[in-house]
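Structure first, then comments.
The values are calculated or read from the model by the stated rules, or taken from the named source; none is laboratory data. None of these values were measured; they are calculated from a predicted model. Here the Cβ positions follow ideal geometry from the backbone for every residue, glycine too, while neighbour counts run over all protein chains shown.
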């Protein structure tokens with residue numbers, strides 16, 4: 001689970017802004033390069049499903065196959081190009097869904113208080129008490145394998161950090177003067193929550209979402225590596241790594257290059273998240 005310490009309260013600081021700008025630029029440049037390679041690869045490279053047994057297990061730098069081929073003669077670079085967009089897409093969608101659900105729960109709990117807050121926080125505690133791997137194992141036995149199932153499961157265990165973060169932010173802001181003024185003006189409860197309190201929490205939410213995206217891609221890759229993830233024709237970088245793990249001694253490139261792409265992709269997303277976080281001063285204490 002992602003640690004929220006140091007995310008809840010943020011203030012601009014010149015040193016952090018400079019360091020954050022460097023990380024943000026580096027991460028954005030790396031991510032743009034990865035996405036560009038992926039999109040161009042889909043257009044310019046051969047179909048990754050195209051098989052040629054006579055070209056099986058070609059090493060890197062072979063003619064027509066920059067990163068080599070697998071045992072069926074499929075181009076590794078083409079597979080990596082597909083895997084980048086799949087892994088990144090899963091990360092972004094899961095982070096978005098987790099943020100949406102977490103914001104709804106956290107804002108409702110923080111603003112309502114009382115038994116509503118207690119009930120929703122017990123739901124959060126219950127979610128934290130259940131091992132995520134147990135949820136995945138049970139779900140994979142009951143539900144059809146696919147990208148939709150993967151996204152739903154990852155979002156179902158990924159909304160809790162957002163709920164705790166937003167609840168803490170709402171508890172800080174709900175007693176401030178502009179909220180009292182909104183109440184006196186007759187603003188509805190939903191208008192106060194989504195018109196004032198949630199926007200006031202936007203910066204830490206975005207920072208958490210960017211960091212969460214990298215965590216989701218790593219989790220999806222691990223599940224695919226264990227055989228609990230996606231299945232062809234939809235492939236991710238984690239699936240590609242799992243396909244080459246039994247041939248590391250004879251055809252190391254099959255698993256190595258998808259692994260390199262995954263490391264670079266997660267690094268880019270984390271640099272962006274760190275850069276956004278470092279542009280603001282983080283209080284030593286956590287509001288959670």
Name, by its number, the condition in (1) surrounded by 14 or more Cβ atoms within 10 Å (Cβ to Cβ); (2) at pLDDT below 85 that does not hold for residue 44.
(1)
Near pairs, Cβ below 7 angstrom, 6+ apart or cross-chain, from the stretch 171-185 (touching a residue at least 40 places away in the same chain (Cβ under 8 Å) and at negative phi) to any residue that is part of a helix (DSSP H, G or I) and surrounded by fewer than 16 Cβ atoms within 10 Å (Cβ to Cβ):
none
Qualifying residue in the stretch 95-110 (condition: under 22 Å from the mean Cα position of the chain (by Cα) and either closer than 14 Å to residue 240 by Cβ or assigned to a loop (DSSP other than H, G, I, E, B) (or both))
no
Filter the stretch 166-177 down to the residues that are in a helix (DSSP H, G or I) and in contact with a helix residue (DSSP H, G or I) (Cβ under 7 Å, 6 or more places away or on another chain) and list them by number.
166, 167, 169, 170, 171, 173
Report the residue count in the stretch 71-125 for those that are touching a strand residue (DSSP E or B) at 6+ places or on another chain (Cβ under 9 Å) and either under 14 Å from residue 170 (Cα atoms) or surrounded by fewer than 16 Cβ atoms within 10 Å (Cβ to Cβ) (or both).
0
Just one of the numbered conditions (1) within 25 Å of residue 136 (Cα to Cα); (2) at pLDDT below 85; (3) part of a helix (DSSP H, G or I) is not true of residue 229; which one?
(3)
